[in-house]
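Below is one structure; the comments refer to it alone.
The values are calculated or read from the model by the stated rules, or taken from the named source; none is laboratory data. Source: prediction; values computed, not measured. Positions of Cβ are generated from backbone atoms using ideal geometry, with glycine treated the same way; all protein chains shown enter the neighbour counts. All accessible areas refer to the heavy atoms of the entire protein, side chains included, with ligands and DNA or RNA removed. Shrake-Rupley method; radii C 1.70, N 1.55, O 1.52, S 1.80 Å.
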Amino acid sequence: MTQERPQGQMLQTLRTVAWSLIGIRNSGRHHEDQRGLRPLPLMFTALGAVFLFVLALMGLVHWIA
């Protein structure tokens, strides 16, 4: 296993979460990410992304209504 810089690991985590949220993911790339990412940072990143998405939707509804 190769040691990546923390910045590279974070970018890979963000990219994985972003692709998963929109539902487009290559299965080969998905399996590669499963081997390279730790579950705890992945869960916190996903929860943060969902939280920001919900806030953006609430802001949009407030702006329109």
Provide a single number: the residues in region 1-28 that are at pLDDT below 80 and of a type in the set (A, V, I, L, M, F, W, C).
2
Filter region 16-37 for residues that are open to solvent by 90 Å² or more (accessible area, probe 1.4 Å) and free of Cβ contacts under 8 Å to residues at least 24 places away in the same chain and give the result.
Trp19, Ile22, Ile24, Asn26, His31, Gln34, Arg35
